[in-house]
Amino acid sequence: MVGDATVVGAMTTYLDHAATTPPRPAARAALESWLEAANASSTHLAGQAARVAVEESRESVATALGCSPHEVVFTSGGTEADNLAVKGIAWAARERSRGVPHLVTTAVEHPAVLDPARWLAERGEVALTVVPPRRDGRVDVEEVLAAVRPATALVSVMAANNELGAVNDLAGLAARLSERGVPLHTDAVQAVATLEVDVARWGVDALALSAHKFGGPQGVGVAVLRRGLPVVPLSHGGGQDRGVRSGTFAVGLDAACGAALTAAVADRADLRARLLALTDRLAAAVTAVEGVRRSGPTDPSWRLASHVHLLLDDVEPTALALGLDAAGVAASSGAACGAGATKASPVLEACGLQGTPLRLSLGWTSTAAEVDRAIDVLTDLLPRLRTSRGSARRSAAAEVR
Ligand code: PLP
């Protein structure tokens, strides 16, 4: 084991809630009480009790998201929920039309959306258009609409970007797409902890969530698939969840997912206000350091309250990662899912952004004291990490001026 395996270890200033956030007490309690659940498809009393726990959790999720419980499918996480929507809807369209359906997505999507879309396109199963983002990571509604063709079977645009924290106008996009009868899927994995996610109000047809981003356990998520939307399942088997997602119900995980979402939604407005203030303070202090720039939208309506994305000039990514570890700060110099931290981020490339990225993300356990410590550490560490190559270039530039 490397150090403390919990996310909020005694010595760690935890600024990586976008990668995973600690479980909420209600989620722990639900998981614990259903850890030894019977099979929720068994007809005996213990099985029926387990099934009730799953269905009650499904209702909680539906209430939290503004949809019907029949539209909620529990998955193994955000990745499966995204894959189910992208592949399942594309395959269903292919079956119906017997032609090659067209998909539209964006260059800032998580690999859980982009990779299945590209995989389908490489196999000739769909035609694919990937819409470029604006420089701040947001996606322009008009550009997405311009990419739509008569054969478009699905548009997938994320509610909020995991790296830059850029928030998109889902309601605006959904309204325009529904006029043209094109279904919209959204990856709301990063959004739901601090932003109101309402399936009916937004008018989206499919949506993906991951419980470990809002205080549930890792390994469980939600796919919302609106009634009447044809979806071919990814896996076949026992026919659970209306045949859309076969496999024994993960009773403890499903129950914990619903409990976490209910708790997250209950204090979401307060959390958002608190985190907007904390992230603004953190960003103001850290960008006072020379060579540190903030990226992503700054308008609070279009940025996640939880995220501060920075670009550092003349800092080696490996030195940054080691320096943060040594100082007891857990943060991300890329997306956690993109394994090698030093690999260039496709999202930043698509936005035309350069520099060493540092994402600081806060969550429901974050405190003002933790942010104060982060400010102390980062304002001391970041200037020390700037390379001599950088200073040579800076003094040369000063001479020419
Ligand atoms: N979508 C986004 C925007 C994410 O940030 C992540 C995880 O980081 C995922 C999907 C994948 O979710 P999971 O880890 O539950 O598979």
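The values are calculated or read from the model by the stated rules, or taken from the named source; none is laboratory data. Computed from a predicted structure; not experimentally measured. Note that each Cβ is placed from the backbone with ideal geometry, even for glycine, and that neighbours are counted across all protein chains shown. Heads up: the accessible areas ignore ligands, DNA and RNA and are worked out on the full protein's heavy atoms, side chains in. Shrake-Rupley method; radii C 1.70, N 1.55, O 1.52, S 1.80 Å.
Multiply the residue separation of residue 293 and residue 384 by 0.36 nm, subtract the distance between their alpha-carbon atoms, and state the gained length in nm to one decimal. Kindly include the intermediate steps, with their values, before the conclusion.
On the way: separation 91, 0.36 × 91 = 32.76 nm, distance 1.62 nm.
Gain in length upon complete extension: 31.1 nm.
Testing the spin-label approximation: label points 7 Å from Cα along Cα→Cβ at residue 284 and residue 322. State their distance in nm.
3.5
Can you pull the one-decimal nm distance between simple spin-label points at residue 63 and residue 134, each 7 Å off the Cα toward Cβ?
Taking the two extended label points, one gets 3.7 nm.
At 222 nm, what helix-only mean residue ellipticity would the chain give, in deg cm²/dmol to the nearest 500, using -39500 (n - 2.57) for each DSSP H run of four or more?
Values: 13 runs with 166 residues, N = 401.
Only helices count here, giving -13000 deg cm²/dmol.
Please work out how much length the chain gains when fully extended from residue 367 to residue 46, using 0.36 nm per residue of separation minus the C-alpha to C-alpha distance, in nm with one decimal. Working shown, then result.
Numbers: separation 321, 0.36 × 321 = 115.56 nm, distance 4.17 nm.
So the extension gain works out to 111.4 nm.
Charges at C-beta only: +1 for Lys and Arg, -1 for Asp and Glu. How large is the resulting dipole of segment 182-265 about its Cα centre, in Debye rounded to 20? Write out the running numbers ahead of the final one.
Numbers: 6 positive and 6 negative charges, 29 e Å.
I would put it at about 140 debye.
Choose one of 69, 54, 34: the residue whose Cα lies farthest towards the positive end of the charge dipole of segment 1-119 (beta-carbon charges +1 Lys, Arg; -1 Asp, Glu; about the Cα centre).
About the Cα centre, the residue reaching furthest to the positive side is 69.
Please state the charge dipole magnitude for the chain, taken about the Cα centre, from unit charges on C-beta atoms (+1 on K and R, -1 on D and E), reported in debye and rounded to the nearest 20. Display every interim value, and only then the final one.
Numbers: 38 positive and 43 negative charges, 141 e Å.
Here the size comes out at about 680 debye.
So for the pair residue 242, residue 198, with labels modelled 7 Å out along Cα→Cβ, what separation do we get in nm?
So the two model labels end up 2.3 nm from each other.
Select from 262, 282, 252 the residue farthest towards the positive end of the dipole of segment 252-296; place +1 on Cβ of Lys and Arg, -1 on Cβ of Asp and Glu, and compute about the Cα centre.
It is 282.
Dipole of segment 216-350 (Lys/Arg Cβ +1, Asp/Glu Cβ -1, origin at the Cα centre): which of 236, 327, 305 lies farthest to the positive side?
Result: 236.
If you count only protein heavy atoms with a 1.4 Å probe, what accessible area per residue comes out for the chain, rounded to a whole Å²?
Numbers: 16800 Å² over 401 residues.
Accessible surface, normalised per residue, equals 42 Å².
Subtract the Cα-Cα distance of residue 179 and residue 118 from 0.36 nm times their separation in residues, and report this length gain in nm to one decimal.
Values: separation 61, 0.36 × 61 = 21.96 nm, distance 2.67 nm.
Answer, rounded to one decimal: 19.3 nm.
Using unit Cβ charges (K, R positive; D, E negative) and no other charged atoms, how large, in debye to the nearest 20, is the dipole of segment 158-306 about its Cα centre?
On the way: 15 positive and 14 negative charges, 24 e Å.
Computed about the Cα centre, the dipole is about 120 debye.
Accessible area of residue 290, 1.4 Å probe, to the nearest 10 Å²?
Residue 290 has an accessible surface of roughly 120 Å² with all protein chains in place.
Comparing 272, 176, 226, which has the greatest mean-square fluctuation in the GNM of the chain with Cα pairs linked when under 10 Å apart?
176
Of the heavy-atom accessible surface of segment 18-144 (probe 1.4 angstrom), what whole percent is carbon and sulfur?
Details: 2910 of 5570 Å².
For segment 18-144, the apolar C and S fraction of the accessible surface comes to 52 percent.
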